[in-house]
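Student: I'd like to ask some things about the structure below.
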Amino acid sequence: MPIVGPAHIAAEILNGMFDGDVVLNRYLVSTLIMFKLVNIAPDDEQRQKGVCEIRRTSDHPILGVLDTHTGDVTYHAGDDAFAFITPLLPQLTPLVLSRRRPRYMPDEANDWELEVVARIGRDKTLPGATDPGLADQQVHRVLAMWRMLNGQA
């Protein structure tokens with residue numbers, strides 16, 4: 001699927017795309033993603049169904065940066081990693097897009113594929129949806145996964 005928006009660009013960077021590279025002729029970067037376990041209290045409906053506790057993991061990125069102009073080494077964790085990357089996104093976005101060619105492009109889907117996938121979930125409407133079945137983005141995610149599983153992407 002194509003990259004959409006600054007959060008996806010930042011995610012590519014924080015998942016190691018530039019690890020060990022000098023980026024923008026200035027920064028040598030290294031990344032690590034850790035996971036934090038967060039306990040969430042079940043709501044009343046979930047308690048009635050017997051849910052006692054909910055545990056959710058969340059990504060906790062760590063970005064190491066060596067500024068080759070000053071020699072400073074800094075580490076940015078969690079939201080601070082995004083705060084460091086955000087002002088650099090206009091310069092980093094073309095670099096990310098040049099390195100990551102999507103394996104599936106929605107405009108390349110065949111009509112027969114769209115027709116088959118459009119049949120999924122026609123028997124129910126998801127909460128918040130106006131119509132039954134999959135939303136357009138879900139249709140394309142299904143096709144992207146199907147092509148990957150079948151070695152076509």
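The values are calculated or read from the model by the stated rules, or taken from the named source; none is laboratory data. Keep in mind that this is a model prediction, so the values were computed, not measured. Glycine also receives a Cβ, built like all others from the backbone with ideal geometry; neighbour counts cover every protein chain displayed.
Student: How many of the residues making up region 125-152 are under 20 Å from the mean Cα position of the chain (by Cα) and surrounded by fewer than 14 Cβ atoms within 10 Å (Cβ to Cβ)?
Tutor: 6
Student: May I pose another question? Applying the selection to region 107-153, what residues are at pLDDT below 90 and acidic (D, E)?
Tutor: D107, E108, D123, D131, D136
Student: While we're on this one: Tell me yes or no: at least one residue of region 115-124 is under 26 Å from A144 (Cβ atoms), assigned by TED's automatic domain parsing to the domain that holds M34 and surrounded by 10 or more Cβ atoms within 10 Å (Cβ to Cβ).
Tutor: no
Student: Sticking with this one: Among the residues in region 107-128, are any among the acidic types (D, E) and in contact (Cβ under 8 Å) with a residue 24 or more places away in the chain?
Tutor: Yes, there is a match, as at least one residue in region 107-128 is among the acidic types (D, E) and in contact (Cβ under 8 Å) with a residue 24 or more places away in the chain.
Student: Sticking with this one: Might you check whether a residue that is among the acidic types (D, E) and closer than 19 Å to V4 by Cβ occurs anywhere in region 112-122?
Tutor: For region 112-122, residues among the acidic types (D, E) and closer than 19 Å to V4 by Cβ: absent.
Student: Continuing with this model, one more query. Please verify whether region 47-57 includes one or more residues that are surrounded by 13 or more Cβ atoms within 10 Å (Cβ to Cβ) and either in the same structural domain as V142 (by TED's automatic domain parsing) or more than 28 Å from N150 (Cα to Cα) (or both).
Tutor: no
Residue by residue, here is whether (1) surrounded by 10 or more Cβ atoms within 10 Å (Cβ to Cβ); (2) at pLDDT 95 or above holds:
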residue	(1), (2)
H60	yes, no
G64	yes, yes
T68	yes, yes
G71	no, yes
T74	yes, yes
I85	yes, yes
L92	yes, yes
